[in-house]
Amino acid sequence: MKLGKKLKAFLVLLILISFISTTFAQDRLDQEETGRFVNVEEGATVPFAAWCFDEVATAVLLADKQVQEEVCQLKLDTEVALLNSKHQYELGSLNLRLETLNKEYEQMILFKDEELQKLENAALKRENNHWYLFFGGGVVAGVLTTVGILYLVD
């Protein structure tokens, strides 16, 4: 929530700064002189072709340059803030997923341990008095295997 409030405040300040800077950078309609420039050709008072500006035209060019730099910086800051918030959201989502999977894993381990304990208790409660059946079955299987092999060999 703090990030959302900070982002809203940042966007409000960004909008205010963009309106204020463009208002001061505009030429006023009541101003008669908008700036002049003259093309000075080679061989005049300078040894190369150049443009000469008066103070108002120079101020307009410098203000436009400064405003463009500020607008670019504000756009860059906005994009960085947007990407940071997007990555924070994705990171939070992944952390939440990790916590959920860890809790699910812990629940599965607890369930498995409970089932193993139940099976162990059930196995220990049964009496194992049928040893003679297993012994007799093993003897019969051994004798039949031996007889089968001898029958096949002959």
> Residue by residue, what Karplus-based ³J(HN,Hα) values in Hz, rounded to whole numbers, does region 124-135 have, using 6.51, -1.76 and 1.60 with θ = phi - 60° and x for Gly and Pro?
Replying inline: 6, 6, 6, 8, 10, 9, 9, 5, 5, 5, 5, 5
> Which whole-Hz couplings ³J(HN,Hα) result when phi for each residue of region 98-105 is put into the Karplus expression 6.51 cos²θ - 1.76 cosθ + 1.60, θ = phi - 60°, listed in order with x for Gly and Pro?
Replying inline: 4, 4, 4, 5, 5, 5, 5, 5
> Using a basic spin-label model with each label point 7 Å from the Cα along Cα→Cβ, how many nm lie between residue 86 and residue 54?
Replying inline: 4.9 nm
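Would you mind putting 87-94, 128-135 in packing order, based on average other-beta-carbon counts within 10 Å, highest first? Could the numbers behind the result be given before it?
Values: 87-94: 10.4, 128-135: 8.5.
Result, highest mean first: 87-94, 128-135.
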> For the residues 83, 3, what sequence is obtained by ranking on other C-beta atoms within 10 Å, fewest first?
Replying inline: 83, 3
>> Straight-line reach from residue 6: which lysines fall under 27 Å, measuring Cα to Cα and dropping same-chain residues less than 8 apart?
In response: 75, 86
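Every read-out reported here was derived from the displayed coordinates using simple, explicitly stated rules and does not represent laboratory data. Because the structure is predicted, anything quoted here is derived from the model rather than measured. Glycine gets a Cβ as well: all are built from the backbone with ideal geometry, and neighbour counts include every protein chain shown.
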